[in-house]
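Some notes on the structure that comes next.
The values are calculated or read from the model by the stated rules, or taken from the named source; none is laboratory data. Given the structure is predicted, the values throughout are model-derived calculations rather than measurements. All Cβ positions, glycine included, derive from the backbone under ideal geometry; neighbour counts span all protein chains shown. Only protein heavy atoms, including side chains, enter the accessible area calculation; ligands, DNA and RNA are left aside. Shrake-Rupley method; radii C 1.70, N 1.55, O 1.52, S 1.80 Å.
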Amino acid sequence: MLAAKYQLAAERYVDFAVLRGDPSDGLPGVKGIGEKSAASLVGTYPTLEDMVQAAADPASKMSPSMRSKLLADVDYLVKAREVVTCVDTLPLPPVRRGPIDEERVDAITEELDLGGSMGRLVALLRQRREDGRG
């Protein structure tokens, strides 16, 4: 989606999500920056640090409005990146295929307060199984 809709590499999703926010993950984003502004910033600057540097430099080509929005939320940018970045070194057990244990899924969902995310995952798994793909 990121590449098709915004012409951004998948590796830049974290910066994009941090800037525009993601209500489903509880990320507020930088106040006043939506999808288009976030995509433009991510496409223009290689890192969040570069964006902040440009915002701090009055001689940069960044608009004064964008500059003030970024500088007002610098602390958020640092913290949010850590929250959004996925762990890719966690050892996971092998995937066990079989029927979904609905009671266990419900218990885990409630215990960890996973809400809509887990519901979407379970719906996707059910659909894949019904379609013969999983």
### Query
Length gain on complete extension for the stretch SER60 to THR89, per 0.36 nm per residue less the alpha carbon to alpha carbon distance?
6.7 nm
### Task
Mind counting lysine pairs for me in the range 1-99? Cα separation below 17 Å, and the two need to be 8 or more apart along the chain or on different chains.
6
### Query
Using the heavy atoms of the protein chains alone and a 1.4 angstrom probe, what is the accessible area of the chain per residue in square angstrom?
71 Å²
### Task
Springs between alpha-carbon atoms under 10 Å, Gaussian network over the chain: tell me which of ARG20, ARG12, ARG97 tops the mean-square fluctuations.
ARG97
### Task
Run the quick spin-label model on MET118 and ASP50: label points 7 Å from Cα toward the beta carbon, then report their separation in nm to one decimal.
4.0 nm
### Query
With each pseudo-label sitting 7 Å past Cα toward Cβ, what's the ILE100-ASP131 distance in nm, one decimal?
1.4 nm
## Note on the structure
Calculated from DSSP helices alone, with each H run of at least 4 adding -39500 (n - 2.57) and the total divided by the residues of the chain, [θ]222 nm to the nearest 500 comes to -17000 deg cm²/dmol
#### Entry: Residue-level accessible surface for MET118, protein heavy atoms, 1.4 Å, Å²
40 Å²
